[in-house]
Amino acid sequence: MSTYRAAQIAALGSPFEIVEREVPRPGPGHVRIAVEACGVCHSDAAFVGALLPGVRFPLVAGHEAAGRIEELGEGAAQRGWQVGDRVAVGWFGGSCGHCPPCRQGDFVVCQNLKVPGWAYDGGYAEQMIAPADALARIPEALSSVEAAPMGCAGVTTYNGLRRSPARPGDLVAVLGLGGLGHLGVQFANAMGFETVAIARGGAKAELAERLGAHHYIDSTAGTPVADALQSLGGARVVLATAANSDAITATVEGLRPRGEVVVIGADATPLGIAPNQLLFSARVIRGHPSGTAQDVQDTLAFSVLKGIRPMVETVPLAQTGEAYDRMMAGAARFRMVVTTG
Ligand SMILES: [Zn+2]
Ligand SMILES: [Zn+2]
């Protein structure tokens, strides 16, 4: 009997612990993946803390997995996958195929979305089983460590920007310079936007410039963020990666007429926006949920095309708990990635 190691949480409130499990067989339409790397996303907190319905323990979280297919379930080959293929599985871990959004072809807002680490065991393990429709092919040019964060942080920023109304030359601001924002700035620059990075303090200005920002706004410098954006002409789009409702609220008056705030940072605190702030300038505030497996594959391809890579700190699987704590403390520079090698 062959076994694999997983970093599981036995019950709500328990720490991450390494356990040995029997290697499972993939069911119909599924594949078994030898996980090589898995990014640590802030959204894991919703599963670790059982803040969402249907979270089950013992829990193996992790929804930024990258590795190699080791076994095909029945029918997976007919969907174009082979043993040895390098694949990523991100936030989009498959859709149900029968809810109204799925029947309309809008799979990313599936009402029964199968997020790894929620619907099934995720990537903080040496092995995982995933449905074929969750797989994104990894280009040769990217390592698993580089590809893993693209399954959630990467696709969410890339897709959020490409599905926004911003066009080349438009002023686009990226709020926050963490796991998502440091990728968002690179994507915004590569898409041809006049790119603004907004973060707390002056220390990140040089980093922002290195990532491709044309302007840097220190939100603690005294000038209101909205005024700073308006002095640059007003933003067509603010990509709000910071999980901070107050910080998001502070950008709204920095939008030009018909500008949009695209919300991708998760926070349960209400936004403090008056209807009049939206009404007269026809401003829009919109949520943007990640992307499908094809969107992840597009993100990976675009990253190769434009030389975009995540900045990561890697730790071995045995230290998944430490990586999670470091991410939660906001200390990651800029994405923690757990590796099994
Ligand atoms: Zn995520
Ligand atoms: Zn569905």
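Multiply the residue separation of Gln277 and Asn112 by 0.36 nm, subtract the distance between their alpha-carbon atoms, and state the gained length in nm to one decimal. Intermediate results must be reported in sequence, preceding the final value.
Values: separation 165, 0.36 × 165 = 59.40 nm, distance 3.43 nm.
Taking 0.36 nm per residue and subtracting the Cα distance, the gain is 56.0 nm.
Please list Phe107, Phe57, Phe280, Phe92 from largest to smallest accessible area, probe radius 1.4 Å, with all protein chains kept in place.
Phe280, Phe107, Phe57, Phe92
I'd like to check one number: the per residue accessible area of the chain, probe 1.4 Å, reported in Å² as a whole number.
Values: 14160 Å² over 341 residues.
Each residue of the chain exposes 42 Å² on average to a 1.4 Å probe.
I'd like the FRET efficiency for Arg25 and Val284, computed as 1/(1 + (r/R0)^6) with the beta carbon distance as r and R0 of 51 Å, rounded to 0.05.
E(calc), rounded to 0.05, equals 0.60.
Roughly how many Å is it from the Cα centre of the stretch 109-131 to that of the stretch 201-251, as a whole number?
About 34 Å separates the Cα centre of the stretch 109-131 from the one of the stretch 201-251.
Please figure out what share of the DSSP beta bridges in the chain is antiparallel and state it in percent, rounded to the nearest 5.
Numbers: 30 of 58 bridges.
Antiparallel bridges make up about 50 percent of those DSSP assigns within the chain.
I'd like the carbon and sulfur percentage of the solvent accessible area for the stretch 36-153, probe radius 1.4 Å, heavy atoms only, ligands and nucleic acids excluded. Don't skip to the end; give the middle numbers.
On the way: 2310 of 4490 Å².
Ligands and nucleic acids excluded, carbon and sulfur reach 51 percent.
What is the gain in length, in nm to one decimal, between Glu70 and Thr223 on full extension, counting 0.36 nm per residue of separation less the C-alpha to C-alpha distance?
On the way: separation 153, 0.36 × 153 = 55.08 nm, distance 5.46 nm.
That works out to 49.6 nm of additional length.
Quick one: grab Rg to one decimal and Dmax as a whole number for the chain, Cα atoms only, in Å.
Looking at the chain, its Cα Rg and Dmax stand at 19.9, 67 Å.
For Asp246 and Ala318 in one chain, what is 0.36 nm times their gap in residues minus the Cα-Cα distance, to one decimal in nm? Walk me through the intermediate numbers first.
Values: separation 72, 0.36 × 72 = 25.92 nm, distance 3.62 nm.
Contour length minus the Cα-Cα distance gives 22.3 nm.
Roughly how many percent of the accessible protein surface of the stretch 244-309 is carbon and sulfur, given a 1.4 Å probe and a whole-percent answer?
Carbon and sulfur: 57 percent of the exposed surface of the stretch 244-309.
Please report, largest first and rounded to whole Å, the three semi-axes of the ellipsoid equivalent to the stretch 200-341, where each semi-axis is the square root of five times an eigenvalue of the C-alpha gyration tensor.
Values: eigenvalues 184, 66, 58 Å².
One finds semi-axes of 30, 18, 17 Å for the stretch 200-341.
As an exercise, use a Förster radius of 30 Å and the Cβ-Cβ distance of Leu52 and Arg103 to find the FRET efficiency, rounded to the nearest 0.05.
0.80
Based on DSSP H runs of at least 4 residues, each adding -39500 (n - 2.57), what is the mean residue ellipticity at 222 nm of the chain after dividing by all its residues, to the nearest 500 deg cm²/dmol? It would help to have the intermediate numbers written out before the result.
Working: 11 runs with 80 residues, N = 341.
Value at 222 nm, helices only, nearest 500: -6000 deg cm²/dmol.
Find the eigenvalues of the gyration tensor of the Cα atoms of the stretch 84-149, then list the square roots of 5 times those eigenvalues as equivalent ellipsoid semi-axes, largest first, in whole angstrom.
After scaling each eigenvalue by five and taking roots: 24, 14, 9 Å.
Compute log10 of I(q)/I(0) for the stretch 1-44 with the Debye formula, placing one identical point scatterer on every Cα and leaving out solvent, at q = 0.33 Å⁻¹, to two decimals.
Treating every Cα as an identical point scatterer, log10 I(q)/I(0) equals -1.15.
The values are calculated or read from the model by the stated rules, or taken from the named source; none is laboratory data. This is a predicted model, so every value here is computed, not measured. Methodologically, a virtual Cβ is constructed for each residue, glycine included, from the backbone with ideal geometry; neighbour enumeration extends over all protein chains shown. Just so you know, the surface numbers come from the protein's heavy atoms only, side chains and all, with ligands and any DNA or RNA stripped out. Shrake-Rupley method; radii C 1.70, N 1.55, O 1.52, S 1.80 Å.
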